[in-house]
Amino acid sequence: MDFGLSFSYVFKDKEWFGKVAVPALCSLIPVVGPFVVIGWGLKATKNVIDGYVENALPKLDFGADLGRGFMAWLITAIYSLPVAIVVGISGSLFGFADGVYEEAFRVILMIVGGCFGLFGFLLALLIGLMGMAGVANYVAKGQFGAAFKFKEVFGLLKKSFVSWLLVLVGGFIAMGIIAPLGTIVCIIGALFTSAYATAVYSHLLGQAYNKSATPVLAEVEVL
């Protein structure tokens with residue numbers, strides 16, 4: 001994976017400012033704005049998957065990007081359900097323990113709740129990686145169901161696990177460090193850096209898929 005390219009490819013496009021500014025402004029639209037930005041970013045993912053690694057930055061297509069972004073959000077939400085259930089059980093056990101007066105029983109509930117919490121944390125890491133691979137598979141195939149072909153999605157992770165970890169690292173740098181820097185300027189600056197961070201993350205997502213997809217598809221054909 002070319003980690004640095006994901007951060008620099010945006011500025012290689014002569015129209016980069018306009019291509020980033022328009023999605024940034026769209027993010028101001030209540031409710032649907034974030035979906036549009038996500039969908040716009042995933043179009044960059046598709047461009048990378050299709051081989052346009054150097055010039056992957058897309059123009060905004062409001063309707064198509066809105067639909068793609070919503071589908072990606074829905075995929076992520078579905079993947080997150082098991083984590084929410086486990087964390088909910090953990091929280092319930094801790095809450096129930098607070099109302100128990102018998103010390104031994106309370107300790108048992110807290111230990112079990114802690115075990116569920118730890119399991120939820122580990123599950124969240126796995127589900128987070130599978131969710132990313134699922135979204136990438138959906139973008140590559142253009143089919144919602146492709147995100148839930150679990151054998152294929154897990155195969156993507158298995159073939160190039162380090163690549164998907166790099167997506168997490170890059171996403172943290174882009175979303176957690178670069179995106180908030182815009183607040184130093186003003187609200188508009190924050191929107192602009194957030195859109196840029198989305199473009200960075202989306203490029204990494206496409207690269208990770210390319211690192212993983214060819215071996216997986218070959219294996220599926222053999223099976």
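Couple of notes before you dig in:
- Remark: for residue pairs K19/K43; K12/K141; K14/K141; K43/K158, the C-alpha separation exceeds 22 Å in K12/K141; K14/K141; K43/K158.
- Efficiency of FRET between F150 and E102 - r from beta-carbon atoms, R0 30 angstrom, step 0.05: 0.10
- Taking the average, over residues, of other Cβ atoms within 10 Å as the packing measure, peptides 32-38, 76-82 rank 32-38, 76-82 from highest down.
- Projected label distance in nm at F94 and I177, using a 7 Å step from Cα toward the beta-carbon: 2.9
- Label-point separation, V32 to L118 (7 Å along Cα→Cβ), nm: 4.8
- The chain: DSSP helices with Cα axial extent of at least 24 Å and average Kyte-Doolittle hydropathy no lower than -1.0: 32-49, 62-98, 103-141, 187-222
- For the pair L125 and N55 in one chain, pulling the backbone fully straight at 0.36 nm per residue adds 22.1 nm over the alpha carbon distance.
- Helical runs assigned H by DSSP (4 residues or longer) give the chain a calculated mean residue ellipticity at 222 nm of -27000 deg cm²/dmol, each run adding -39500 (n - 2.57) before division by the residue total.
- Between the residues F144, N47, S6, the greatest Cα displacement towards the positive end of the dipole of the chain, with unit charges on the Cβ of Lys, Arg, Asp and Glu, is found for N47.
- Arranged from fewest to most other beta-carbon atoms within 10 Å of their beta carbon, F94, F116 become F94, F116.
- Normalising the average separation of contacting C-alpha pairs (under 8 angstrom, six or more residues apart) by the number of residues puts the relative contact order of the chain at 26 percent.
- Start at zero, step by 10 Å, and the Cα-Cα distances of segment 3-222 spread as 8, 29, 31, 18, 10, 4, 0 percent across the bins.
Bear in mind these aren't lab numbers, they're just calculated from the coordinates by the rules spelled out. Note that the structure is a prediction, hence the values are computed from the model and not measured. We place every Cβ from the backbone using ideal geometry, glycine too, and count neighbours over all the protein chains shown.
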